Amino acid sequence: MSDSKENTPSHPLSRTECYEWSRMHGKPLGTANFKSELSDFVVEETLRFELSGEGAHHFLYIEKQNINTDIVVQKLIRFADVKPTDVGYAGKKDRFAIARQWFSVQLPLLREIDWSEFNDDEVNVLEVTRHDKKLRIGAVKSNHFDIRLRDLNVSQEDFKKRLDNISEEGFPNYFGEQRFGHQGANLTRGIDLLIKNKKLKNRNLQGLLFSAVRSYLYNHVVSERINKGLSTKLLQGDFVMLSGSEKGFVVEDVNAEQPRFIENDILLTAPLAGSRPQPMHEALSFEAECLSEYQVLIDKLANKRFNEERRALKCFPQNVTSEWHNETEVSLSFDLPKGAFATSMLRELVTLVEHKPFKDITNNEHD
């Protein structure tokens with residue numbers, strides 16, 4: 001069951017905010033206050049490889065509070081007196097949260113630092129070890145979330161039933177609103193850069209803005225597939241991804257692949273737009289129709305040498321548990337693979353009413 005997008009502006013290039021993407025499990029059960037306190041959103045990162053304990057790269061497991069990943073990087077650069085290229089991290093974490101994630105700092109082999117002196121009221125070094133390679137973007141295996149929702153106007157029975165359905169059937173793997181910036185500002189700027197063929201001196205910022213555009217187009221295709229009842233069936237020519245992997249293939253024989261699809265051994269995907277689309281036949285026609293009004297953006301992305309990439313259409317949370325503290329307050333605990341947004345799962349349960357009693361700046365980060 002799904003609900004359709006609403007309040008979509010008439011011209012795609014005039015959009016400054018994200019519309020209400022289609023849901024997979026129906027309308028939200030109710031509302032809940034979200035992030036009323038900093039400790040209401042806790043995320044812990046797990047890397048996809050073991051650390052060797054030796055090498056020039058100091059790996060720091062840092063707990064940050066009400067501070068974004070980029071600011072932690074700047075703090076590390078100043079504290080260790082190193083170049084920006086000497087610092088690495090695997091992924092960005094939400095600012096308005098207690099987040100525990102890994103950073104790497106390359107130092108001369110004989111240089112030692114007392115990392116406990118780095119601690120302040122925003123960052124705390126929990127663990128230090130060494131490794132022979134820099135930490136790179138994408139090296140996350142999974143993220144663990146502990147989230148408290150307050151002032152729910154939902155029955156515990158209905159909440160449990162919906163949560164069980166999400167655990168079993170998955171949820172749309174949307175990029176969260178954080179990706180698009182405050183009131184869609186990153187999306188608006190990214191579209192402007194593409195249409196006017198502008199360039200920014202800050203290449204990292206430019207990449208972030210282009211990523212917002214590609215994320216928007218991905219969300220649009222996922223939303224349309226759900227809205228048209230096509231999120232639970234294979235189309236001929238679909239590019240599917242092996243579960244737990246980033247590798248995939250094009251479906252030539254729907255009937256032959258159907259059993260694997262039913263068992264979630266293979267997953268539907270949607271495009272991160274660029275040149276060289278990967279689906280074929282019926283699936284390619286469907287995606288081309290979905291994105292026809294955005295073709296000028298796709299052409300501009302292709303001109304920027306973006307090739308199409310694929311992202312799983314659904315995400316399956318692992319180790320999901322819930323604990324009710326009273327009739328209107330519940331804590332959720334679950335694991336998500338890298339790149340998945342906790343808020344995209346939560347929106348299948350309730351409408352989130354965010355309360356951030358902390359100093360406020362635009363948050364461009366993701367879960």
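Close contacts from region 182-203, counting a first residue that is farther than 30 Å from E354 by Cα and a second that is modelled with pLDDT of 90 or more and of a type in the set (K, R), with Cβ to Cβ under 8 Å and a gap of 6+ residues or different chains, come to L193/K199; L194/K300; L194/K304; I195/K300; N197/K300. Taking the conditions exactly as written (under 22 Å from the mean Cα position of the chain (by Cα), closer than 19 Å to F175 by Cβ and open to solvent by less than 10 Å² (accessible area, probe 1.4 Å)), does T269 satisfy them or not? So T269 passes the test. F159: part of a helix (DSSP H, G or I), open to solvent by less than 20 Å² (accessible area, probe 1.4 Å) and at negative phi, yes or no? Here the answer is yes, as F159 does meet what is asked.
Based on what the data block shows, is S231 surrounded by fewer than 18 Cβ atoms within 10 Å (Cβ to Cβ) and in contact with a helix residue (DSSP H, G or I) (Cβ under 6 Å, 6 or more places away or on another chain)? No, not satisfied. Is it the case that some residue within region 335-351 is assigned to a strand (DSSP E or B), modelled with pLDDT of 95 or more, more than 19 Å from the chain's Cα centre (by Cα) and over 24 Å from H182 (Cβ atoms)? Within region 335-351, not a single residue is assigned to a strand (DSSP E or B), modelled with pLDDT of 95 or more, more than 19 Å from the chain's Cα centre (by Cα) and over 24 Å from H182 (Cβ atoms). Restricted to helices (runs of 4 or more DSSP H) entirely inside region 175-291, those with at least 1 residues that are within 19 Å of E309 (Cα to Cα) are 185-195, 203-227, 281-290. Being surrounded by 17 or more Cβ atoms within 10 Å (Cβ to Cβ), under 15 Å from the mean Cα position of the chain (by Cα) and among the charged types (D, E, K, R): is that true of R189 here? No; evaluated as a whole, the condition is false for this residue.
Consider region 123-156 and keep the residues that are of a type in the set (D, E, K, R) and over 19 Å from the mean Cα position of the chain (by Cα). The one that is most open to solvent (accessible area, probe 1.4 Å) is K133.
Scan region 92-101 and give yes if some residue there is aromatic (F, W, Y) and at pLDDT 95 or above, otherwise no. For region 92-101, residues aromatic (F, W, Y) and at pLDDT 95 or above: absent.
The set of residues from region 297-317 being open to solvent by 60 Å² or more (accessible area, probe 1.4 Å) and either of a type in the set (A, V, I, L, M) or part of a helix (DSSP H, G or I) (or both) comprises D299, N303. Screening V240, V213, V221 for residues that are in contact with a Ser or Thr (Cβ under 9 Å, 6 or more places away or on another chain) and open to solvent by less than 30 Å² (accessible area, probe 1.4 Å) leaves exactly one candidate, V240.
The values are calculated or read from the model by the stated rules, or taken from the named source; none is laboratory data. Since the model is a prediction, treat every value here as computed from it, not as a measurement. Ideal geometry is used to build each Cβ from the backbone, glycine not excepted, and the neighbour counts take in all protein chains shown. Heavy atoms of the whole protein, side chains included, go into the accessibility calculation; ligands, DNA and RNA do not. Shrake-Rupley method; radii C 1.70, N 1.55, O 1.52, S 1.80 Å.
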